[in-house]
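Visitor: First the structure, which I've put down as structure tokens, then a few questions once you've had a look.
The values are calculated or read from the model by the stated rules, or taken from the named source; none is laboratory data. Remember, predicted model here, so these are calculated numbers, not experimental data. Every residue, glycine among them, receives a Cβ derived from its backbone with ideal geometry; neighbour counts consider all protein chains shown. The accessibility values were calculated without ligands, DNA or RNA, using every heavy atom of the protein model including side chains. Shrake-Rupley method; radii C 1.70, N 1.55, O 1.52, S 1.80 Å.
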Amino acid sequence: MMGIISVLAYIDPGTGSALFATAISLVSLLYYFVKSLFGKIISILRNKQEKGNDIFSRKELVIFSEGKQYVSVFREICRLLDESDINCEYWTTDQEDEILNNEHKKLVCRYIGEGNSAYYKLNMMNSKICLSTTPGLEVYQWKKSKAVDEYIHIFHSLTNGLTYRMFGIDFYDTLLTVGEFQETYIRKIEKLRDIKAKNIMVVGCTYLDELMQRKNALNNNDKSLDGKTIILAPTWGEEALLSHYGKDIIKSVLNLDYNLIIRPHPQSLKVESTMIDELIQFTKNNAKVVWDLSDDNFDSLSKADLMISDFSSVMFDFAFIFEKPVLYVDKEIDISIYDAAWLDEPIWIHTIADRIGYPITFGDFERVQKTIEEVIKDNKLVESGRVIRDGVWAYEGESSNKILDYIECRLNTAYNE
Amino acid sequence: MEVLFRIIIEPIKCILDIVFSTAYCATNNIIFSLITLSVFVTIITLPIYNRAEYYRNEELRKRKDVEVWADRIKKSFRGKEQRYILAAFYKEKGYTPYHGLGASLSLLIQIPFFIAAYKYLSEIGEKGLVSKEHLVFFLNADKMLSIGSIDINVLPIVMTLISVISGVIYTEGLRFRDKLQVFILPVVFLLLLYNCPFAIVLYWTMNNFLSLAKNIIAKMPLKKNKIIGKIVGPVVLIGWFAFLVWINYFYNYDSVKMDESIGVFIFSLVIIALSVAPIFIITIVKMNSGKSLNKEDYECLFISELICVLFFAFYIPITIISSSPEEMLTFGIGMGEVLSYGSYVYVGSFLIWVNVFAFLLPSNIRCIISECIMAFAFCSVFQFFLLGYSFGIVTDMVTFESAPNFSGVFYLTNTVLSVVTAVLLLVLIKKYKSIINAFGFVMLVSLFIIGVVNYSKTNVSNQSMETVTNKKEGIFQLSKNEKNVVIIMLDRAIGAYVPFIMQDKPELVEKFDGFVYYPNSTSMGGYTVFGSAEVFGGYEYTPYEMNKRDKELMVDKQNEALKVLPKLFSDSGYNVTVADLPYANYKVNFDTSIYNGFEGVEAYDLASSKTFYLESDIDDLRLIKTVNISKYAFIKSLPAVFQLLFYDDGMYRTMLTRNASTGKTDTTYRVLESLNDLTEIEDEKKGNLIMFANRLTHNPIMTQLPDYSMCSEVDNSQYDIYEDHYVDDKRMKMDTLDKVKNYHCNVLAYSELGKWFDYMRENDVYDNTRIIITSDHGRKIEQFDDLLINDELNVELFNCPMLVKDFNAKGFSISDEFMTNADTPTLATDGILDSPTNPYTGKMLNSFRKNQKPLEVTLSEDRTLPKGNLQNTFEAPWYTIHDNIRNKEYWEKCIQN
């Protein structure tokens, strides 16, 4: 017996150790195999239970939204779909999603639960097309369903497409972009990663369209705050404005005797709630400070005369829609978690930031105050902002129709069963 | 589990066996044979090794490819998200942390090769399958150095050193952790294997050395390291061969012994090299993935594999067994047992190993493999059914009664046809794969159906098969009061041996008291199929005379001849006992059924009787049958040029059956040795006719000198066994082992008969017994110059002994009278039966024919029995002879009218 054991292990130089490595790999492989087998069995059992459930019947299109924060992205599309002949459903993981609660003629809206329950349904989705603005498909728990022919991503912010966390849109089949400039960046990344090129179609930006529509409909007298108003609209994370300079920046603005609307990023409310609570406490006795924690930023944006932000895409919304000045923190941003980290070049937003806004450096708060005073009186970048807007934002006011056209075209050609 | 293990291991063991036995039998040198084995295994596993290297390099390349970003991701992300992001990244890159498993799995495939080698080499030691002097290599560690009273095993240390050196090269550029593993393992296994037998450790050491060579070669182009290439390499090589020479010296080998079979060995190596050539080609063909296999390709692969398995493991063996189940399935050896070895080998070879190789290799090679297997399957079937050549009688040991011999023209024709068929098939498969697949499927189903039909027939006939006798006494009755006649046919005994036997064992002269020896005697055919009928039926049953009755089947005439004397004597009130008579119903074992319904005739198949077999013989028989039948199936489907090479004179290139006794020699000896026990002396008023044949003289064996006795461990080292023997000035050549053994088995037979005659004398039945000793034919062995007539005709082949002792005869005398073995019935009936007449032809039984005109003798070499079942005549070159077999003038060529 000993002899046989020896033979098994002692093959030839190098091979022995390779076999030990194999044995270890096999054990771990077995562990994951058993685990995935268990998962599959559960899935099969659930599938049997759910068989016949209408949610898994074949559809032409399913729109998946994470919730109310993306209502402006999908509202118009849903309206158009409700009037079309497309067999379509709207799935959301948010019970307070406005679209879920709207009345529709044809469009079926479903709340699919949260967490694993939602992922299960998403992973079992049975549709020709799935349209979503959620990044991270096939990266996190949301996996591609074998019963979906095409996953389409639409953008919910104006970026070059590389500001998602890594690989966020890599597993989509199609990207419906805001403007032509995005394709250059996306193709560069595809080439670098040596991955299959995605379909890219420029359709414009639905939420910008909606913002513009609302802005146009806005009566200038609606503004309710007295005096000039500054909105502080940062992004979220450790490097973001509020995390880094929260109290300092608030104090600086308040020293200027302006109204201050603080609108944290929706994600901050989820993951940085302690810090936000502290700041709310810090400002609770100041009547000039308003915290906007709502889903819709339109009102705040429309009331503001100047925006202070870091590199959040909301600065584009403010500059492009309301044509008001933007101050942004001129500092190096840690982009290591984003797709942009793959490109050895300045991030896109840096390349255009100084044409739509004014850089500020924190620490030197006197200078910041001075800049605010100057810019709020005279925004010299209105024109250049318009140029930039026209260059990056295509099909203004047409995006929802363009998206619908694309979907209909795909359904009539590629997926005409 | 055991079945699965054997299916995986047996095919490899079978191949190792072929290589080792070929090398060992040719050189008789264990070290050389083990090295050959190691080189072969290295070559055969080279594609796997290359594939493993390919996977390893791919893994390294991919690892390198992902390394930078994987590190950055690990720095930028934390916790669960890090795992998600990494997984997504790996997915994009087509990399998994288990990617290295591909390389390891390829190496894993090598394990069965090592287990098979370990088991095979251990089996050689355990069963003592090599000569006694070499057995020590398989049982003991080397102990090549002694320091004081401590013996040191050098080989395991050398093996470890090689492992370490190889490890240094192999792990170059790897992490310290990987390197450490490679160095610790050899040390651990040094301890484990330190006391392993020499042969096993040498085999591994050689493997390690070759692995080192592989690693050096693999690294060289990358490193272009002149020091390794030009200095270290040759130094290692020279050192290694010096080490081998030292081992040779240590074990007192002068050099690798190259005897006359070296030619065969070199030829074998060439053939083996040609056989593994495709593997080499595969290794050098660019390893691109090419096109992936489609449904047709997979069908082609699996249908052809199934054909091969069905054909080699089932159809051919069943065909052989069903041709004579009573011979093949003796002593309770079941069909399943006989088919088992072949099933393991062929199922393992075609359904496991071909697929393992095919699927480890790139898809373009896999496609070629599938097409080649299909072509091979068709060629095999084609060869077996259409191009095949009858090898003659297949014995129950699945060997051929006489060594097959192909003519040059046949070789050429067969080779050309085989090559053309193979090429044509490859082209057809390439062009019309789906049609060929359909043909293959039809062939598969047909073979299966025919096989099952044959199998069911075998079962029926097996059930109806009469069991051979298990009696061990009272078989041969000899009357004290009445006349007894004993006819003994010693198969293939040579008459010219008798004077030498009487000289070498002078006590036999006394024992053979009353016998007249007729040196001028002949049979009319050189093989049992031609010369046995005349022994029992007389001149009406010489080949020439039987040919005249061309409306009757040969088998019927043979049966008739065997029944003439029993019928005559039993009708005349004699007790008749017959045993082991040749080719009753044209079967190798005695088919006693031809005497069914004969009153007073007892028939016994003693040679197949379990009484004379030992349990170990039966185990050996089982082993021989199962190994031989599986290899026969394969060999018969090969082109002729390979057939004789792998047939290896009935040894089928295997060590496994080397020590296995067929029991034949022992059994035939035990029958003769037991004659006293088998004999019953009676006072009955009835005469007896005893007729039996014995094949001890057909089984050359070395006996123990000086008294030519049967001995399990013969040691004749103090005798010059190759020294020619002389009686007066007449020489008997003894220059080859075959001649020596052939003579020895004859001496042994006469010695045992002498003991029986003593027993007769002691019981007062010798004088009233007429005894005739003859044979069906002699053997062309070139021991007697005076029997060589011309290039074509050697009378040794026909010189049967004629030893006749009449009632009350005294003394041992020699007569020059011209005699034939067809005189036997006349001699037997002379003076006992009045005007004996052949009950089947109505003709008088006498020997007038030999004096009327020259006798026709057939020189035919075609001794195939199955043909006799279908044919009415023998076709052959003929000679005639009269009066004196040693007179060249009296032999004349003739043709049959």
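Visitor: Out of A:Glu366, A:Glu345, report the one residue that is closer than 21 Å to A:Ser312 by Cβ, open to solvent by 60 Å² or more (accessible area, probe 1.4 Å) and out of contact with any strand residue (DSSP E or B) (no Cβ under 9 Å at 6 or more places or on another chain).
Guide: Answer to the check: A:Glu345.
Visitor: Inspect segment B:159-182 for any residue being at pLDDT 75 or above and more than 10 Å from chain A (Cβ to nearest Cβ) and give the result as yes or no.
Guide: yes
Visitor: Considering B:Pro839, B:Pro801, which residue is open to solvent by less than 50 Å² (accessible area, probe 1.4 Å) and not basic (Lys, Arg)?
Guide: The match here is B:Pro801.
Visitor: Scan segment A:136-179 residue by residue and report those that are part of a loop (DSSP other than H, G, I, E, B), under 18 Å from A:Lys59 (Cβ atoms) and more than 14 Å from every other protein chain (Cβ to nearest Cβ).
Guide: Scanning segment A:136-179 gives A:Ser145, A:Lys146, A:Ala147, A:Asp173.
Visitor: How do the helices (runs of 4 or more DSSP H) wholly within segment A:201-293 filter down when requiring 3 or more residues that are over 21 Å from the mean Cα position of the chain (by Cα): which remain?
Guide: Qualifying helices (runs of 4 or more DSSP H): A:206-217, A:241-255, A:273-283.
Visitor: Filter segment B:3-31 down to the residues that are surrounded by fewer than 23 Cβ atoms within 10 Å (Cβ to Cβ), at pLDDT below 80 and in a helix (DSSP H, G or I) and list them by number.
Guide: If the condition is that a residue be surrounded by fewer than 23 Cβ atoms within 10 Å (Cβ to Cβ), at pLDDT below 80 and in a helix (DSSP H, G or I), then B:Cys25, B:Thr27 are the ones that fit.
Visitor: Something else now. Given the condition among the charged types (D, E, K, R), modelled with pLDDT of 90 or more and surrounded by fewer than 20 Cβ atoms within 10 Å (Cβ to Cβ), answer yes or no: does some residue in segment A:233-243 qualify?
Guide: No; the residues of segment A:233-243 include none that is among the charged types (D, E, K, R), modelled with pLDDT of 90 or more and surrounded by fewer than 20 Cβ atoms within 10 Å (Cβ to Cβ).
Visitor: For the structure I just gave you, tell me whether B:Ile352 is open to solvent by 10 Å² or more (accessible area, probe 1.4 Å), assigned to a helix (DSSP H, G or I) and of a type in the set (A, V, I, L, M).
Guide: When the stated conditions are applied, B:Ile352 passes them.
Visitor: Where in segment B:510-626 are the strands (runs of 3 or more DSSP E), entirely inside, with at least 1 residues that are more than 30 Å from B:Lys685 (Cα to Cα) and open to solvent by less than 30 Å² (accessible area, probe 1.4 Å)?
Guide: B:515-517
Visitor: Tell me, which residue of segment A:96-125 that is of a type in the set (S, T, N, Q) and surrounded by 15 or more Cβ atoms within 10 Å (Cβ to Cβ) is farthest from the other protein chains (Cβ to nearest Cβ)?
Guide: A:Asn102
To keep it simple, each residue is scored yes or no on (1) assigned to a helix (DSSP H, G or I); (2) touching a Gly at 6+ places or on another chain (Cβ under 8 Å); (3) open to solvent by 50 Å² or more (accessible area, probe 1.4 Å).
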position	(1), (2), (3)
B:Tyr55	yes, yes, yes
B:Glu59	yes, yes, no
B:Trp69	yes, no, no
B:Ile85	yes, no, no
B:Phe113	yes, no, no
B:Ala116	yes, no, no
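Visitor: Which of the residues belonging to segment B:488-533 are of a type in the set (A, V, I, L, M) and under 20 Å from B:Lys563 (Cα atoms)?
Guide: If the condition is that a residue be of a type in the set (A, V, I, L, M) and under 20 Å from B:Lys563 (Cα atoms), then B:Ile488, B:Met489, B:Leu490, B:Met524, B:Val529, B:Ala533 are the ones that fit.
Visitor: In this structure, does B:Tyr346 turn out to be under 15 Å from B:Ile624 (Cα atoms), touching a Cys at 6+ places or on another chain (Cβ under 9 Å), buried (at least 18 other Cβ atoms within 10 Å of the Cβ) and of a type in the set (Ser, Thr, Tyr)?
Guide: When the stated conditions are applied, B:Tyr346 does not pass them.
Visitor: Something else now. So in segment B:489-509, with the set limited to residues that are assigned to a loop (DSSP other than H, G, I, E, B) and at negative phi, which one is surrounded by the most Cβ atoms within 10 Å (Cβ to Cβ)?
Guide: B:Ala493
Visitor: Could you tell me which numbered condition B:Asp142 fails, if it satisfies all but one of (1) within 13 Å of chain A (Cβ to nearest Cβ); (2) touching a Leu at 6+ places or on another chain (Cβ under 9 Å); (3) surrounded by 18 or more Cβ atoms within 10 Å (Cβ to Cβ)?
Guide: (1)
Table: residues versus (1) without any contact (Cβ under 8 Å) to a residue 60 or more places away in the chain; (2) crowded, with 16+ Cβ neighbours inside 10 Å; (3) under 22 Å from B:Asn659 (Cα atoms).
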residue: B:Asp707; (1), (2), (3): no, no, no
residue: B:Met710; (1), (2), (3): yes, yes, yes
residue: B:Asp720; (1), (2), (3): yes, no, no
residue: B:Val727; (1), (2), (3): no, no, no
residue: B:Arg731; (1), (2), (3): yes, no, no
residue: B:Met760; (1), (2), (3): no, yes, no
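Here's the yes/no breakdown for (1) modelled with pLDDT of 90 or more; (2) assigned to a helix (DSSP H, G or I); (3) aliphatic (A, V, I, L, M):
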| site | (1), (2), (3) |
| --- | --- |
| B:Asp677 | yes, yes, no |
| B:Pro706 | yes, no, no |
| B:Tyr719 | yes, no, no |
| B:Asp738 | no, yes, no |
| B:Glu752 | yes, yes, no |
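Visitor: Follow-up. Looking only at segment A:331-354, count how many residues are within 14 Å of chain B (Cβ to nearest Cβ), touching a helix residue (DSSP H, G or I) at 6+ places or on another chain (Cβ under 9 Å) and part of a loop (DSSP other than H, G, I, E, B).
Guide: 6
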